[in-house]
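Inspection log for the structure reproduced underneath, given as structure tokens.
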Amino acid sequence: MNFFQPTTWDEALQARAQTPGLLPIAGGTDLMVEFNFDHRRPAPLMDMTRLEDAGRWWREGERIRLGAAVPYTRVLSELGRDLPGLAIASRTVGSPQIRNRGTVGGNLGAASPAGDSAPTLIATRAEVEIRGVDGTRHVPVADFFTGVKRNCVASDELIVAIWVPTDTGPQQYSKIGTRNAMVISVASVALTLHPRAGRVGIGMGSVGPTPLQAVAAEEFLAGTLDEGGYWHSRAELPESLVAEFGRQVAGCTAPIDDVRSTAGYRRSAVGVMARRTLSWAWSEYRHGDRRPTGCRAGRDGEGMTTCE
Ligand SMILES: Cc1cc2nc3c(=O)[nH]c(=O)nc-3n(C[C@H](O)[C@H](O)[C@H](O)COP(=O)(O)OP(=O)(O)OC[C@H]3O[C@@H](n4cnc5c(N)ncnc54)[C@H](O)[C@@H]3O)c2cc1C
């Protein structure tokens, strides 16, 4: 088997364009499983971890440029303050070993509807930087996925980085699975509040063929918070509003029955998680403490893997 280890993007893109079937590999935590289970035949591989800036992140204005091969462990240890939502989601991925190897770029490359990074990236309005021999383009994460395990990266392109706006308000992520750790989500919800812009972001996982943005629910909540003067007053939200928000988010899903759950359960779980993430985020906003610090996995003993 041919194994390429480029150190520059030019080398990598030329190899990608000239070698039929060449597969990028970052942590290998998705790809090697596919080889082991014979879902995919071993092909020429290209290591993404030695590329000049793939394993680095830096700040540019109000965004973090996260190299495609930065592993979850580093998102957690280095970016918890700037990207709290992504850090919370990263903590729910697999085990420490998987988080040491697995990358956000690989999660987007795999394009699973259950991937844990996507909901938060959608909620924060992150963009994927994709490069080919003909140039670079930026695609909003909400438009990046084209179907189950499919994305818009062409066969001669590579994911170079993810541009994530730094937080301007509370961010939360909640994931439900059959147990509290080492679990692919049955459903997940990411919520971000942007008080300065009067905006709300909501991303969802495992409730459609791709990770989804709950556009109607975002507009409902942002409009209601604005009309009621809640951004300014920071008053407690009425239960009826929180309940309606849960219904609105559940209404934005398109789930199916499969081996992991029924569509009905997924829809219901999303409604519950939407209410909870809103309550946690609003509480942070009200009390001026909007920086999550640790994981509160299994806080309610209902199989919720949630962090704060
Ligand atoms: C035990 C176990 C538990 C897991 N738990 C979770 C979990 O809880 N949540 C979750 O979301 N995932 C989970 N996963 C899946 C996996 O760990 C994640 O999807 C991870 O983010 C993949 O990253 P990677 O770097 O290992 O990707 P790789 O396996 O290296 O690559 C994945 C795909 O992306 C492509 N790719 C990689 N880099 C690029 C690039 N720069 N440009 C274009 N394409 C690229 C590859 O060709 C491949 O198709 C788990 C996996 C295992 C084995």
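The values are calculated or read from the model by the stated rules, or taken from the named source; none is laboratory data. The structure displayed is predicted, hence computed values, not measured ones. Every residue, glycine among them, receives a Cβ derived from its backbone with ideal geometry; neighbour counts consider all protein chains shown. Just so you know, the surface numbers come from the protein's heavy atoms only, side chains and all, with ligands and any DNA or RNA stripped out. Shrake-Rupley method; radii C 1.70, N 1.55, O 1.52, S 1.80 Å.
A few remarks follow.
- Cut-off 18 Å (backbone N to label point 7 Å along Cα→Cβ of Glu60), residues of the range 73-96: 83
- Annotation: Glu129 carries an accessible surface of approximately 10 Å², with a 1.4 Å probe and no ligand, DNA or RNA atoms counted.
- Residue-level accessible surface for Cys252, protein heavy atoms, 1.4 Å, Å²: 30 Å²
- Sparse-neighbourhood loop sites, chymotrypsin sites (Phe, Trp or Tyr not before Pro) in the range 1-95 - DSSP loop, at most 10 other Cβ within 10 angstrom: Phe37
- Residue list for the range 146-161, given a label point 7 angstrom along the Cα-to-Cβ vector of Ala263 and an amide N cut-off under 17 Å: 148
- When the chain is described by a simple charge dipole with +1 on each Lys and Arg Cβ and -1 on each Asp and Glu Cβ, the residue from Ala142, Gly228, Ile130 located farthest towards its positive end is Gly228.
- Difference of contour (0.36 nm per residue) and Cα-Cα distance, Ala216 to Val148: 22.2 nm
- By definition, a body whose alpha carbon gyration tensor gives a ≥ b ≥ c is prolate when a/c is 1.5 or more and a/b is larger than b/c, and the range 222-284 fits this prolate description.
- Sorting the segments 92-103, 264-275 by their mean number of nearby beta carbons within 10 angstrom, highest to lowest, gives 264-275, 92-103.
- A Förster distance of 25 Å, applied to the separation of the beta-carbon atoms of Phe35 and Val139, puts the FRET efficiency at 0.35.
- Solvent-accessible area of His287, all protein chains in place: 130 Å² (probe radius 1.4 Å, heavy atoms, ligands and nucleic acids excluded).
- With R₀ fixed at 51 Å, the C-beta to C-beta distance from Ser95 to Asp226 puts the FRET efficiency at about 0.75.
- Each Lys or Arg adds one and each Asp or Glu takes one away; over the other residues whose Cβ falls under 13 Å from the Cβ of Arg40, this sums to -1.
- Counting only Cβ charges, +1 for Lys and Arg and -1 for Asp and Glu, the dipole size of the range 93-174 around its Cα centre is about 260 debye.
- If only the Cβ of Lys and Arg carry +1 and only the Cβ of Asp and Glu carry -1, the dipole of the range 171-306 around its Cα centre is close to 420 debye.
- Exposure rank, largest accessible area first [Arg260, Arg179; 1.4 Å]: Arg179, Arg260
- Ordering Tyr230, Tyr285 by accessible surface, largest first, gives Tyr230, Tyr285; the 1.4 Å probe counts only protein heavy atoms, with every chain in place.
- Cα shape, the chain, gyration tensor, a/c 1.5 rule: prolate
- Proximal charge balance of Arg267 [Cβ under 12 Å; K/R count +1, D/E count -1]: +1
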